[in-house]
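The values are calculated or read from the model by the stated rules, or taken from the named source; none is laboratory data. This is a predicted model, so every value here is computed, not measured. Cβ placement follows ideal geometry from the backbone for every residue including glycine, while neighbour counts extend to all protein chains displayed. These accessible areas exclude ligands, DNA and RNA; they are computed on the full protein's heavy atoms, side chains included. Shrake-Rupley method; radii C 1.70, N 1.55, O 1.52, S 1.80 Å.
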Amino acid sequence: LIMKDLSDLRFFRLLSEHSQKEFAVNDFTAALQELANHLGCNFGGGMKCGSVCGAITSGLMVLGAKGIDSPAKVNHFIKTISNNHKGFVNCTDLLKENAKNGGQKKPHCDAMIQEVIELIDQMEKEND
């Protein structure tokens, strides 16, 4: 079942229809972007149920893709974000705290994404 669903993605169709030498870099890049969008589409809203913030969850996926996967580094990532938000990592809690302080959802979520990106960039530099 999973492979059938995955075969519907452009990336897997391209791989099955062409050898890697045949499709252009732009096609490959577009297919990878589409795959990433599909992989991360359910992270928003705390996996659509108020659980861990989608920016944080997505950040963990990106760390793994960059080869940063040691428990100590992953815990550092989560603890850093948690410490920046009064110990909260769940979407529901983060949004409640934000609303309590007069914030709106979209700017808060955008700021969470930016914070995660900056932390990943910092961790990547430290990992080099």
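Laid out as a table, the results:
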| item | result |
| --- | --- |
| Of all accessible heavy-atom area on segment 43-128, the percent that carbon and sulfur account for (1.4 Å) | 55 percent |
| Cα-based convex hull, segment 26-76, per residue volume (Å³, whole number) | 74 Å³ |
| Neighbour net charge for H85 - beta-carbon separation under 12 angstrom, K R +1, D E -1 | 0 |
| Proximal charge balance of C109 [Cβ under 14 Å; K/R count +1, D/E count -1] | 0 |
| Å² of accessible area per residue within segment 74-114, as computed with a 1.4 Å probe and no ligands counted | 65 Å² |
